[in-house]
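Worksheet: the structure to be examined is printed underneath.
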Amino acid sequence: MSPVPPAVRGRHRLSARLALAASLAVLCGGCGPGGADAKGDGPAGVVRVPAQAPTIQAAVDRARPGTLVLVSPGVYHESVEIRTERVVLRGTDRNRVVIDGQGRRSNGVVVTAPGVAVENLTVRNHLLNGVLVTGMKDGADGIARGSDGYTRLDPAKFPPLSGFRVSYVTAHANGLYGIYAFNARDGVLADNHASGSADSGLYVGQCKPCRILVRGNVAEYNAVGYEGTNASGDMWVLGNRFTRNRVGMTVDSDYLEAYVPQSGATVAGNLVADNTEAATPEQADGGFGIGIGVAGGTDNDIARNLVTGNSRAGVVLASNEDLPPLRNRVTANTLHGNGVDIAYQASSRAPGQGNCLQDNALHSTLPAGLVAAARCPQGNTRSPGAAPHTAPAPAGIPFLDVAPPPAQPQMPHAATAPAQPATGLPGPVDPGRVPLPGPDLLAADSRTDGAAPKAGR
């Protein structure tokens, strides 16, 4: 058995690759935004659902660049596709505007146009993704047609989508990812809540440079809270709550996506705690009890995170296939109550080097002399590591049976604020100003009552 924890290896598996293709194949290549209304003259304005359009899709099809599609409370049984640039899709009430897949639709919202914002609503019960933002589109033949999991989805053929924002969105009980940004850049994922995802609650993949900010989100009761695969350069994961998942978060390199190896992400000021939750979906790689995993990643900064209560390990630096962990900095974190606080387990096939530890408050490492062997700035010499021994992961539960989150905070002035398309993002980012969090970070938005799974459906 490989010493590398399965969920820390590259995890965008064949099933996920095929799911991406399937989820997007319905989009009509070359389609305009839909009808004469979308192309007409005059200001973009506001289209209200259901007062002016009976469905969200009908409103989106009428939208011109800059239009605000404003949705009143209700449960909407539809999948929404946004192909017009700079549209803003917003619910007037985050908790009562619900796009419900009923356990049979693939996606809640699919965005393939630049500058689009999705905000202040709930997406739940979809077989694949709650919200998907992607530049992978393929004319009349659909999206990423023919991907078999071994041929990378080519960003030269499909340029990355530039400009997106997903904020104040609740993504619950979706069968792949809650909020998924793939082959997209210049964006923000902020103030969202993701739970019950059978893969990752939040995912950013295949971007370089990304210029993406992931800030102030809660991801809990997922297989993995956050995953960043081949997400490199100006990639910030700041001030989030990743708790009570099977794995808190991963940063990894994967040959199944472009831009190998991953490099240059900053993970700072996050609470990564108690990722030992059995009442979660069990993803295919079977990882469990890990706080922060870096697999084959390079030149990442992991700083001022509170990492506690993860039964296998708090932070793991590992290889993925022949990709070693290189020059990662783990500094000023507080770690306690983990199976081991920091584990270095690069494989003999891909022994890493230059990884350094400094000013961390911790109690244990594996190997035991890791702090002395990996001092900053030079870091460790080229060598393999060792894997912690733990019991097998407990069985998970179906994603549709994960209990829902509590009511989530509203976007300020959602019913009256003007549209702000997702341009010029993410703006100035200073991770050095993000402090070490306390255990109560975003606790008011978390399901902390230990609620049991919902009764059978």
#### Entry: Enumerated strands (runs of 3 or more DSSP E) restricted to segment 207-272, each holding at least 3 residues that are within 22 Å of residue 307 (Cα to Cα) and modelled with pLDDT under 95
none
### Task
Sort out which residues of segment 377-435 are in contact (Cβ under 8 Å) with a residue 40 or more places away in the chain and acidic (Asp, Glu), and write them in order of number.
401
### Query
Which residue, of 350, 391, 414, 395, is under 30 Å from residue 118 (Cβ atoms) and of a type in the set (A, V, I, L, M)?
414
### Task
Hey, can you tell me all the residues within segment 348-377 that are farther than 16 Å from residue 301 by Cβ and part of a loop (DSSP other than H, G, I, E, B)?
348, 349, 350, 351, 362, 363, 364, 367, 368, 369
### Message
Test of understanding: among 351, 377, 398, which residue is buried (at least 16 other Cβ atoms within 10 Å of the Cβ) and over 23 Å from the mean Cα position of the chain (by Cα)?
### Response
351
### Query
Within the bounds of segment 179-186, is there any residue that is modelled with pLDDT of 95 or more, within 22 Å of residue 335 (Cβ to Cβ) and assigned to a strand (DSSP E or B)?
no
### Query
So, of the residues in segment 116-169 that are touching an Asp or Glu at 6+ places or on another chain (Cβ under 6 Å) and at pLDDT 95 or above, which turns out to be farthest from residue 218 (Cα to Cα)?
162
### Message
Being at pLDDT 95 or above and more than 15 Å from the chain's Cα centre (by Cα) is the requirement here; does residue 305 meet it?
### Response
yes
### Task
Report yes if residue 307 is part of a strand (DSSP E or B), free of Cβ contacts under 8 Å to residues at least 60 places away in the same chain and under 25 Å from residue 211 (Cβ atoms), otherwise no.
no
### Message
Quick test for you: out of 298, 280, pick the one residue that is under 18 Å from the mean Cα position of the chain (by Cα), over 17 Å from residue 366 (Cβ atoms), of a type outside the set (A, V, I, L, M, F, W, C) and at pLDDT 95 or above.
### Response
280
### Task
Evaluate segment 239-247: report whether one residue or more is touching an Asp or Glu at 6+ places or on another chain (Cβ under 9 Å), farther than 22 Å from residue 401 by Cβ and not hydroxyl-bearing (Ser, Thr, Tyr).
yes
### Task
Give 93, 61, 37 a once-over and let me know the one that is acidic (Asp, Glu), at pLDDT below 50 and not in a strand (DSSP E or B).
37
### Criterion: among the aliphatic types (A, V, I, L, M), in contact with an Asp or Glu (Cβ under 6 Å, 6 or more places away or on another chain), modelled with pLDDT under 50 and within 30 Å of residue 286 (Cβ to Cβ) - qualifying residue of 25, 7
7
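The values are calculated or read from the model by the stated rules, or taken from the named source; none is laboratory data. The shown structure was predicted, so the numbers you read here are calculated from the model rather than taken from an experiment. FYI the Cβ positions are ideal-geometry reconstructions off the backbone, even for glycines, and counts take in every protein chain you see.
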